[in-house]
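Since the structure comes first, as structure tokens, the remarks are kept for the end.
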Amino acid sequence: MLRRAWAWGAAGLLLAAALAGGAAWAHGDRKHQDAPQEQVAPTPAKVAQGQRLFRRYCAACHARGGGAAKQGPDLGGLYQRRLTPVRKHPVTDHNIRQHIKKGGVRMPPFPWLSRGELDALVAFLKSR
């Protein structure tokens, strides 16, 4: 009787471990898929769209290259830096898109922006 209980307990632990491992693997795989490595090319059309979006959503808090000091950091020359101004993350297109979409320490999130709009903002930030 004791052996049977131990066997069922061991089987339950193995099943739980397998499920947890599968969930971790699936989460890690999905996370990898959500981290695109494509680089945004700052075409004139994307830069113009990004400038309009920057004026609409970002300019109230962020200067863009030598403007008056505002609540957020100046984003001029962002892509010439190695790390982002506040969180000190590497400056990559993916990290910038995620920061805009999810927000930051004192920055509100912009979850409604489409991938195309985020790419346009990245193109604008790259342009100067």
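The values are calculated or read from the model by the stated rules, or taken from the named source; none is laboratory data. The shown structure was predicted, so the numbers you read here are calculated from the model rather than taken from an experiment. No Cβ is skipped: glycine too gets one built from the backbone with ideal geometry, and neighbour counts run over all protein chains shown.
Examine the stretch 44-63 for a residue that is surrounded by 13 or more Cβ atoms within 10 Å (Cβ to Cβ), more than 15 Å from Leu118 (Cβ to Cβ) and in contact with a Leu (Cβ under 8 Å, 6 or more places away or on another chain), and state whether such a residue exists. Yes; the residues of the stretch 44-63 include at least one that is surrounded by 13 or more Cβ atoms within 10 Å (Cβ to Cβ), more than 15 Å from Leu118 (Cβ to Cβ) and in contact with a Leu (Cβ under 8 Å, 6 or more places away or on another chain).
With the stretch 1-111 as the region, which helices (runs of 4 or more DSSP H) entirely inside it contain at least 1 residues that are at negative phi and at pLDDT 90 or above?
Numbers: elements: 2-33, 44-53, 93-102.
Qualifying helices (runs of 4 or more DSSP H): 44-53, 93-102.
Of all residues in the stretch 112-121, those that are surrounded by fewer than 18 Cβ atoms within 10 Å (Cβ to Cβ) and closer than 17 Å to Cys61 by Cβ total 1.
The numbered conditions (1) over 20 Å from Ala48 (Cα atoms); (2) in contact with a Pro (Cβ under 7 Å, 6 or more places away or on another chain); (3) surrounded by 15 or more Cβ atoms within 10 Å (Cβ to Cβ) are all true for Thr84 except (2).
The set of residues in the stretch 112-128 being modelled with pLDDT under 95 and among the hydroxyl-bearing types (Ser, Thr, Tyr) consists of Ser127 alone.
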